[in-house]
Amino acid sequence: MLFVIARDNECEELVEEKLVLRRDWFELLAKKSIGSKYVNAEWQFAKHLGDCEGCDPELIFSFIKSEYEHTSRMALWTMVELKPECAERYAFEFWDCGKYLAGSSEDEYQKIMALHVLAKLNSPRLEAYLERAKQSDYKWLRKNAEELSAK
């Protein structure tokens with residue numbers, strides 16, 4: 001089943017439209033996806049955990065620790081909804097984690113998500129991070145900072 005969900009990663013129909021309606025199956029498969037070779041299933045569960053009524057919100061902490069950058073990034077976005085009291089701290093950690101090579105797309109995408117999370121939370125530190133982003137060598141990070149500043 002995880003293989004099929006992973007193959008559906010472009011549409012996300014199985015997780016987004018079917019499994020979120022079946023909490024028991026969603027949770028079972030979500031737990032099985034964590035750390036599995038089916039990374040394209042894993043990030044979908046991280047992204048849609050908040051859509052599954054009654055699912056254990058603590059699962060988000062397993063997803064945010066994923067070695068797969070896209071999963072952890074989707075988990076951070078979901079954390080805003082499930083655990084907003086923790087999301088800001090994780091956004092700061094994502095920005096400064098040093099987990100990914102400087103100049104890599106993974107590092108840039110982590111910082112972009114951190115900015116969006118800080119914006120969604122109306123963090124008092126957002127402006128400082130927007131300024132840091134605008135000074136960055138990362139093209140897409142600068143673009144996202146400009147767009148968030150314009151709002």
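Residues whose amide H lies under 5 Å from that of S104, counting only those 5 or more places away or on a different chain, are absent; hydrogens are built 1.01 Å from N in the peptide plane. Annotation for segment 15-73: GluC sites (Glu not before Pro) lying in DSSP loop with at most 13 further Cβ atoms inside 10 Å of their Cβ are E53, E58, E67. Heavy-atom accessible surface of segment 2-151, averaged per residue, reaches 54 Å², computed with a 1.4 Å probe. For the chain, the 222 nm mean residue ellipticity estimated from helices alone, with every DSSP H stretch of n ≥ 4 adding -39500 (n - 2.57) and the total spread over all residues, rounds to -19500 deg cm²/dmol.
Were the residues from K134 through E93 laid out at 0.36 nm apart, the gain over their Cα-Cα distance would be 12.9 nm. Would you tally the net charge around K143, using a Cβ to Cβ cut-off of less than 13 Å, leaving K143 out, and scoring K and R as +1, D and E as -1? Taking every Cβ under 13 Å from that of K143, the sum is 0.
Simple rule: put +1 on each Lys or Arg Cβ and -1 on each Asp or Glu Cβ in the chain, find the dipole, and look at A6, F92, S136; the Cα lying farthest toward the positive end is S136.
The share of accessible area on the chain that comes from carbon and sulfur is 50 percent, using a 1.4 angstrom probe.
Listed by chain and number, the lysines placed with their C-alpha closer than 16 angstrom to that of K31 are K47, K65; residues fewer than eight positions away on the same chain are left out. Computed about the Cα centre, the dipole magnitude for segment 105-151 is approximately 160 debye when only Lys and Arg (+1) and Asp and Glu (-1) carry charge, each at its Cβ. Compared with the direct C-alpha span, the chain from Y100 to C11 gains 29.3 nm at full extension, assuming 0.36 nm per residue. Near N9: Cβ cut-off under 13 Å, other residues only, Lys/Arg at +1 and Asp/Glu at -1. The net charge is -4.
The values are calculated or read from the model by the stated rules, or taken from the named source; none is laboratory data. Source: prediction; values computed, not measured. Here Cβ is always computed from backbone atoms with ideal geometry, including for glycine, and neighbour counts include all displayed protein chains. Ligands, DNA and RNA are stripped out before the accessible areas are found, and what is left, the full protein with its side chains, is counted by its heavy atoms. Shrake-Rupley method; radii C 1.70, N 1.55, O 1.52, S 1.80 Å.
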